[in-house]
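J.: Before anything else, here's the structure in question.
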Amino acid sequence: MGVDIGVPGVVASRLETAVNWARKFSLFQYPFVTACCGMEYMAVACARYDVSRFGAEIPRFSPRQADLLWVVGTVNHKLAPHLARIHAQISDPKWVISFGVCASTGGFYDNYATVQGIDKIIPVDVYIPGCPPRPEQVLDALMMLQDKIQREKWDGPRAASDVAPAIAAVPA
Amino acid sequence: MNRAIADALAAAPERGVQEDVMVLNMGPSHPAMHGTVRMVLTLDGETVIKCDPEIGYLHRGFEKQCENATWSQVFPYTDRLNYCSPLLNNFGYALAVEKMLGIKATDRCNYIRTILGEMARLADHFTSLGAGALELGAMSAFLYAVEARDHIWDLVEEVTGARLTVSFARIGGLKEDLPANFAERWEATEPRLWDVIKKLDQLSTKNRIFMDRMMNTGVIGADEAVSLGFTGPVLRSTGVAYDIRKDSPYFAYDRVDFEVPVGTNGDNFDRYLVRLEEMKQSISIIRQCLKGLPGGPLNVDDPHIMLPPKELVYNSIEGMINHFKLIFEGIQVPAGEVYSYTEAANGELGFYIVSNGTGKPYKLRVRPPCFYFMGGIDRMIEGGMLSDIIPTFDTINMIGGEVDR
Amino acid sequence: MSRAALDSLVAAFPQHILETTDRLGDEVAIVAPAGLLEIATWLRDTPAMAFNMLSDVTAVDYLARNPRFEVVYQLYSVSKKHRLRLRVPVGAETPSVPSVTGVWLSANWAEREVWDMYGIRFEGHPDLRRVLMYEEFEGHPLRKDYPMQQSQPRMDLRRKERDAVEEYKTLYVDKLAQARKAEP
């Protein structure tokens, strides 16, 4: 982002609100699905939980057509360069959701093979704990991301406070 | 046959094959490769001359991790092997350790394991068929299949408390008994599953596009399949009726009546039909087990293996020490080695275990059915069209967690 | 049932069979590496044996023992429905056994995995390279002397978890603030 739109402040802030509103309800997802969490991702995307109600419709399987990267499942050192490359291929503005503990921290795979959290490779916007998280929790995370997108400021790409990652609540 | 075509193409310089071939990289982040497999393909036009599958993109050190966990701590790791049917992996591992300890689970436990295992098999086949149809362009079949899977998961959740990664088995038993109203809940769920099976059948089996994509693609012969170590629905589609549930029955499979469906051609369509038929058999097995569900104790009565009930742990010193020792030191498994095998949704799921007499496994090897499918998939793909890779890859039901561990 | 198979194996190759056991109902033969190929072919081709499926190949690292490794083959006969396990002891220096890829096709990938995880070479294997780990990986992770948490990343990893925030700050926010300050 960081667009210099050359209009007075008040107009810019209104435009900001409007564009952010549009962005948060038209998230094009790229599911980077590797492991078990993919099963829950399927459940979220299908009829019962229906992620498209939140403006995140059909997944796109090309990073060029997506702006929301879901990293769903364990990422190991063999796969890490591929993930970094896919993240680089998504054009700005882009957001990343880390789906499940393996993607967030490596989970209980603390060994030679597994990357201890994808934030060692790419920046993350929302972390979802759970192994795998329940669909409700995933929807909660998506709404958190939408809040975050709405709050984004255009002076500078993203204010540091906005970049600070959120963590989806664990249901009681 | 496919191999013959591929050889002929590769050895035909007059057609200019060697000049015109294209090397194409497919995956690992490709929707049809399930995110964890890469295929380096050599193409002549649209015909695949050579296929070199590369796996390991989901290798997360299962064996190393298990060597550093107690025998009971291994259960959560087994959940995540074949994550379409975690219960079957749980039970397979429990059976292996029980074989090592020389104990037999109780009758009631065996019946419940059979019921839950068949439910997991149903969920696995629904996922496999639904995703397979989706990748051939049939979105509606996928939506129905996932809905059916959610019905099963609702039941699984009522029993185990988790939707997917359940860790429900224990060495020598189960975490809990079935809830009191389980039979009624199953009665309510079963017609819904039949409904979806019927819908899948109607949407796919006689669908011209589906048939054209599936029939005579990904063909493998029976002898070759056996030599490649294929098991499960993929082997049965070639006409070899190898099903561990029948050949060396475990749990309650020797007390229920079911059939092993086999195919004839060993192609994708046969594998699809075998899975569809197996789902019907699974429902029948669950019905029979619920009917014959015996009473009696659920877990083996051995304080060296089973955790004491919570009242004893909190209120008596013996109970607490027992609990403490089992949790911290683990179940003491006598030294030795054992290979135990069960029929998981994809085929023979074997556990080769070596113990050195302590609370942790010295070696815990999983024999994953999918690993051997991936080792032989080049023979099913080479000589075929590029587009045939998608149904072939789907009907072998490659599961990353199991292949790469 | 497979006790008979084990007995006839011992009768046929007394010079290569080091030991047999049938503890816990699993028939096991410990085979000298020199006789492995001959025994494998015999087991597959003899009608009374008909072990036409090699279910699994793996290895065990007995660090303190000599010989250190043991390669384990699980055999199954689809027609006879019996099983047999072969164990082949392998020494620690340049561990290697003959490959059985010529006997059973499934040995191809299974032996690649054993090479990858334990570093045991299979002589005569057509394509012995890593299968689960990547080519740059050094060492063999399932050996008992490989530390569990010693990873070998293929790319530079961020040191701190919140590096994402830091990076954006230094790259964009701070730079922008400086640029604004520099404006007349």
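The values are calculated or read from the model by the stated rules, or taken from the named source; none is laboratory data. Computed from a prediction, not measured in an experiment: that's the story for all the values here. We place every Cβ from the backbone using ideal geometry, glycine too, and count neighbours over all the protein chains shown.
J.: Would you please name the residue that is nearest to the other protein chains (Cβ to nearest Cβ), looking only at residues in region A:108-149 that are over 22 Å from residue B:57 (Cβ atoms) and acidic (Asp, Glu)?
T.: Here the answer is A:125.
J.: What tally of residues in region B:249-276 results from selecting those that are part of a helix (DSSP H, G or I) and either over 28 Å from residue B:339 (Cα atoms) or of a type in the set (Phe, Trp, Tyr) (or both)?
T.: Going through region B:249-276 one residue at a time, the tally reaches 7.
J.: I'd like to know if region A:63-71 contains one or more residues that are more than 13 Å from residue A:31 (Cα to Cα) and within 14 Å of chain C (Cβ to nearest Cβ).
T.: Scanning region A:63-71 turns up no residue that is more than 13 Å from residue A:31 (Cα to Cα) and within 14 Å of chain C (Cβ to nearest Cβ).
J.: Shifting gears a bit: Within region B:98-113, take every residue that is among the basic types (Lys, Arg) and closer than 11 Å to residue B:298 by Cβ and give me the one that is surrounded by the fewest Cβ atoms within 10 Å (Cβ to Cβ).
T.: B:108
J.: Would you confirm whether or not region B:299-311 contains a residue that is buried (at least 20 other Cβ atoms within 10 Å of the Cβ) and in contact with a Ser or Thr (Cβ under 8 Å, 6 or more places away or on another chain)?
T.: yes
J.: Please go through region B:141-188 and pick out each residue that is among the hydroxyl-bearing types (Ser, Thr, Tyr) and touching a helix residue (DSSP H, G or I) at 6+ places or on another chain (Cβ under 7 Å).
T.: Answer for region B:141-188, where residues must be among the hydroxyl-bearing types (Ser, Thr, Tyr) and touching a helix residue (DSSP H, G or I) at 6+ places or on another chain (Cβ under 7 Å): B:144, B:165, B:167.
Conditions (1) within 17 Å of residue B:183 (Cα to Cα); (2) modelled with pLDDT of 90 or more; (3) of a type outside the set (D, E, K, R), marked per residue:
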residue: B:261; (1), (2), (3): no, yes, yes
residue: B:265; (1), (2), (3): no, no, yes
residue: B:269; (1), (2), (3): no, yes, yes
residue: B:281; (1), (2), (3): no, yes, yes
residue: B:287; (1), (2), (3): yes, yes, no
residue: B:292; (1), (2), (3): yes, no, yes
residue: B:300; (1), (2), (3): no, no, yes
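J.: In region C:134-184, which residue that is small (Gly, Ala, Ser) and closer than 30 Å to residue B:54 by Cα is modelled with the lowest pLDDT?
T.: Initially, region C:134-184 is screened for residues small (Gly, Ala, Ser), giving C:139, C:151, C:164, C:177, C:179, C:182.
Narrowing further to those that are closer than 30 Å to residue B:54 by Cα: C:139, C:151.
Working: C:139: 87, C:151: 83.
Filtering first and then ranking leaves C:151.
J.: It is to be established whether one or more residues within region C:1-16 are hydrophobic (A, V, I, L, M, F, W, C), crowded, with 19+ Cβ neighbours inside 10 Å and under 22 Å from residue B:242 (Cα atoms).
T.: Yes, because at least one residue in region C:1-16 is hydrophobic (A, V, I, L, M, F, W, C), crowded, with 19+ Cβ neighbours inside 10 Å and under 22 Å from residue B:242 (Cα atoms).
J.: Could you give me the residue pairs with C-beta distances under 6 Å whose first residue belongs to region C:63-86 and is without any contact (Cβ under 8 Å) to a residue 12 or more places away in the chain, whose second residue is of a type in the set (Lys, Arg) and in a loop (DSSP other than H, G, I, E, B) wherever it lies, and which are 6+ apart or on separate chains?
T.: No pair meets every condition.
J.: To continue, here is another question. When you look at residue B:83, is it surrounded by fewer than 24 Cβ atoms within 10 Å (Cβ to Cβ), closer than 30 Å to residue B:200 by Cα, out of contact with any His (no Cβ under 8 Å at 6 or more places or on another chain) and not aliphatic (A, V, I, L, M), yes or no?
T.: No; evaluated as a whole, the condition is false for this residue.
J.: A further question on this structure: Do we have residue B:251 as within 14 Å of chain C (Cβ to nearest Cβ), aromatic (Phe, Trp, Tyr) and under 19 Å from the mean Cα position of the chain (by Cα) here?
T.: Judged against the criteria, residue B:251 is not a match.
J.: Sticking with this structure for a sec: For a quick check of your reading of the model, give me the residue pairs whose first member lies in region C:93-110 and is without any contact (Cβ under 8 Å) to a residue 60 or more places away in the chain and in a helix (DSSP H, G or I), whose second is buried (at least 24 other Cβ atoms within 10 Å of the Cβ) and among the acidic types (Asp, Glu), with beta-carbon atoms closer than 8 Å and at least 6 apart or on different chains.
T.: C:110/C:56
J.: How many of the residues in region C:10-32 are in a helix (DSSP H, G or I), touching a strand residue (DSSP E or B) at 6+ places or on another chain (Cβ under 6 Å) and more than 14 Å from every other protein chain (Cβ to nearest Cβ)?
T.: 1
J.: State which residue is farthest from the other protein chains (Cβ to nearest Cβ) when the search covers only region B:156-185 and only residues that are surrounded by fewer than 19 Cβ atoms within 10 Å (Cβ to Cβ) and not in a loop (DSSP other than H, G, I, E, B).
T.: Result: B:183.
J.: Does residue B:205 satisfy being exposed (fewer than 15 other Cβ atoms within 10 Å of the Cβ), among the β-branched types (Val, Ile, Thr), on the phi < 0 side of the Ramachandran plot and out of contact with any strand residue (DSSP E or B) (no Cβ under 6 Å at 6 or more places or on another chain)? Don't jump to the end; show me each part of the working.
T.: Values: exposed (fewer than 15 other Cβ atoms within 10 Å of the Cβ): yes; among the β-branched types (Val, Ile, Thr): yes; on the phi < 0 side of the Ramachandran plot: yes; out of contact with any strand residue (DSSP E or B) (no Cβ under 6 Å at 6 or more places or on another chain): yes.
The answer is yes for residue B:205.
J.: Can residue A:102 be described as away from chain C (no Cβ under 13 Å) and over 16 Å from the mean Cα position of the chain (by Cα)?
T.: So residue A:102 fails the test.
J.: I'd like the full set of residues that are β-branched (Val, Ile, Thr), within 13 Å of residue B:376 (Cβ to Cβ), within 12 Å of chain C (Cβ to nearest Cβ) and assigned to a helix (DSSP H, G or I), limited to region B:223-248.
T.: Answer for region B:223-248, where residues must be β-branched (Val, Ile, Thr), within 13 Å of residue B:376 (Cβ to Cβ), within 12 Å of chain C (Cβ to nearest Cβ) and assigned to a helix (DSSP H, G or I): just B:226.
J.: Here's something else I'd like to know. Scan (1) in a loop (DSSP other than H, G, I, E, B); (2) more than 14 Å from chain C (Cβ to nearest Cβ) for the single condition residue B:220 breaks and write down its number.
T.: So the condition that residue B:220 fails would be (2).
J.: When both residues are 6+ apart or on different chains and their Cβ atoms are under 6 Å apart, which pairs have a first residue that lies in region C:33-58 and is within 13 Å of chain B (Cβ to nearest Cβ) and surrounded by fewer than 21 Cβ atoms within 10 Å (Cβ to Cβ), and a second that is part of a helix (DSSP H, G or I) and of a type outside the set (Gly, Ala, Ser)?
T.: What qualifies is C:52/B:226.
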